[in-house]
Amino acid sequence: MSSRKGVIDVQFNWVFILIAGVLILLFFGSVVLKLKDNSETNIANNILTNMQTIMSGAEVSANTVNPISIPDTEIKVSCNSISVGSITSDITKNKIVFAPDLIKGRTMITWSLSWAYPYHISNFLYITTPDFKYVIMDSDKGKEIYSMLPTGINKELIDDVSSLRKTGHKLSFVFFDNVYPEDISLPDFAGNMKDKEVVAVHVDSLNNEIEFYKKSGIRFEPVRKMPYLGNEMIIGAMFSQDAENYKCNMEKAMEKMNIVSMVYRKRTEILREEYSNTICRSYYPLTPFTVDYNINNIGDIKDSKESLEKYNNYLQSSSCPTIY
Amino acid sequence: MFETIAVLLIFFVLIGFGLIFYARVANTSVSDASKEQFQLKAIQTAQLVSFLPELQCTSSTSANIVVDDCFDVLKVEALSSILNDSSNQKIKNEYYFDSFGFSKIHIKKIYPSVSEWTIYERTKTNSRALSSIKVPVSLYDAVSNSYGFGVLTVEVYD
């Protein structure tokens, strides 16, 4: 009887040890997984906080290039948000950020430019990585854009696409006026690259339009036409590489332009009142400010800019306080 | 058998104590991080206001050249009147709220004359913390073509 009880005791001990062991393993396993999740969330939060700080810093100091070391992780950037893994942080309406949709690698390059049309409206922030190369077709406008890009960014000015050599970079082509992407054939190495890794934009400087293209084999196919205001937006199109992202940023820029123009309009009204009995008064026009600031009204905005520049020059030569 | 259960019980009690201790330490560090984030946000808001194109002075030679730490008094008056106008509440409550959140932006001219403007105000009644940052600024008056001195105060609510 007692030997049978002893056998049951031994068996029960093994079952007990097994259950307790599994429970202990499950417990520690779940603790480790939780800690791993927490640590990943912390890293993502740190990256996003640093990105927001970098964006705020770059936004207020124009014409600065900063190569920044980043953890080897994927950072997804859209017009309104930036995310690492499952953590997302908003990009506020006043930040205009032109960047590829995915930033990978150990280095990120940020660069900012002041956008004035004709008065200072905002600083545009551009983000890229050393993986990208900006290939600009040679022309007067091409040279202008090429010289605006800082040395820290991979860039090449070429006459002919066939002269391009394989360097392992993702390629972003920029064509101007009478040279169209659909008319060229890419060199073999570029043709063999993934379609997403080669993009192109065509700038029609006469009509202030940018057309976005996607690669299909060794050819480019048009995707969408969008307007632009100033070289800063052409560079924005090169960096964002995607018509939707560009459009969203352009709408943000228009909203900012509308608000800044309201301020300048009010300022002009005050000056007009102050100088009502002088020669200056006639040079404070309000009509250029009545324009509707939206992306479908680029022609009127351009006319308004030219008109304001003209009046501002008159005011300067007449020793009156200027509009901007 | 009883000894085994007792050992396991003590083991889990010790683990429990460890977890409670870890949770408390983690809570403290979360609270510290949250305070740090708030201070960072306050500094970013003050920095953003200091470089706001709607307020900044621009060089008379080029609109692309902005003058640091200088506000144009006429722009200050203009923005203040725009944001206090009831027809522009959408701009204040959507566009600027997105950038400034719950905060108060105030400019006081203290030399040669005294005047003040509240540019933006969205306060929080049950705020956990308040950070107040003061920045000295020069104030350019285009009408008299002269500079004054003032203080920009940015109060951020958490």
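Things to note:
- Given (1) touching a His at 6+ places or on another chain (Cβ under 6 Å); (2) surrounded by fewer than 20 Cβ atoms within 10 Å (Cβ to Cβ), index of the condition A:PHE175 fails: (2)
- Residues in segment A:61-83 that are over 17 Å from B:ASP98 (Cβ atoms) and touching a residue at least 40 places away in the same chain (Cβ under 8 Å): A:SER61, A:ALA62, A:ASN63, A:THR64, A:VAL65, A:ASN66, A:PRO67, A:ILE68, A:VAL77.
- Boolean, A:THR53 is surrounded by 12 or more Cβ atoms within 10 Å (Cβ to Cβ), within 12 Å of another protein chain (Cβ to nearest Cβ), free of Cβ contacts under 8 Å to residues at least 24 places away in the same chain and part of a loop (DSSP other than H, G, I, E, B): no
- When restricted to residues that are acidic (Asp, Glu) and touching a residue at least 60 places away in the same chain (Cβ under 8 Å), segment B:132-158 contains 2.
- Some residue of segment B:39-53 being within 8 Å of chain A (Cβ to nearest Cβ) and in a loop (DSSP other than H, G, I, E, B): yes
- Yes/no for B:ASP32 being within 11 Å of another protein chain (Cβ to nearest Cβ) and either out of contact with any Phe, Trp or Tyr (no Cβ under 6 Å at 6 or more places or on another chain) or assigned to a helix (DSSP H, G or I) (or both): no
- Checklist (1) closer than 26 Å to A:ASP131 by Cα; (2) surrounded by fewer than 14 Cβ atoms within 10 Å (Cβ to Cβ) applied to A:ILE82, failing item: (2)
- Listed here are the helices (runs of 4 or more DSSP H) enclosed by segment A:161-279 that have at least 3 residues being within 14 Å of another protein chain (Cβ to nearest Cβ) and either free of Cβ contacts under 8 Å to residues at least 40 places away in the same chain or among the acidic types (Asp, Glu) (or both): A:243-274.
Table: residues versus (1) aromatic (Phe, Trp, Tyr); (2) over 30 Å from A:THR64 (Cβ atoms).
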position: A:ILE158; (1), (2): no, no
position: A:THR167; (1), (2): no, no
position: A:PHE173; (1), (2): yes, no
position: A:ASN178; (1), (2): no, yes
position: A:PRO181; (1), (2): no, yes
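- With respect to the conditions (1) within 10 Å of chain B (Cβ to nearest Cβ); (2) farther than 30 Å from A:LYS247 by Cα, A:VAL22 falls short on a single one, namely (1).
- Unmet criterion (only one of (1) modelled with pLDDT under 95; (2) under 23 Å from the mean Cα position of the chain (by Cα)) for A:VAL198: (1)
- Where A:ASN42 falls short, out of the listed (1) free of Cβ contacts under 8 Å to residues at least 24 places away in the same chain; (2) loosely packed, with under 12 Cβ neighbours inside 10 Å; (3) not charged (D, E, K, R): (2)
- Annotation: of all residues in segment A:129-160 being assigned to a loop (DSSP other than H, G, I, E, B) and among the polar types (S, T, N, Q), the one that is modelled with the lowest pLDDT is A:THR151.
- A:THR41 vs. criteria in contact with a strand residue (DSSP E or B) (Cβ under 8 Å, 6 or more places away or on another chain), part of a helix (DSSP H, G or I), more than 11 Å from every other protein chain (Cβ to nearest Cβ) and at pLDDT 85 or above: yes
- Any hit, segment B:128-148, residues being exposed (fewer than 14 other Cβ atoms within 10 Å of the Cβ), within 14 Å of another protein chain (Cβ to nearest Cβ) and part of a strand (DSSP E or B): yes
- When A:VAL84 is tested against (1) in contact with an Asp or Glu (Cβ under 8 Å, 6 or more places away or on another chain); (2) within 11 Å of chain B (Cβ to nearest Cβ); (3) β-branched (Val, Ile, Thr), only condition (2) is not met.
- Only one of the listed residues (A:PHE27, A:PHE16) is more than 22 Å from A:ASP131 (Cα to Cα), under 53 Å from the mean Cα position of the chain (by Cα) and aromatic (Phe, Trp, Tyr). That residue is A:PHE27.
The values are calculated or read from the model by the stated rules, or taken from the named source; none is laboratory data. Everything numeric in this text was worked out from a predicted model, so none of it was measured. Virtual Cβ from ideal backbone geometry, glycine too; neighbours counted across all protein chains shown.
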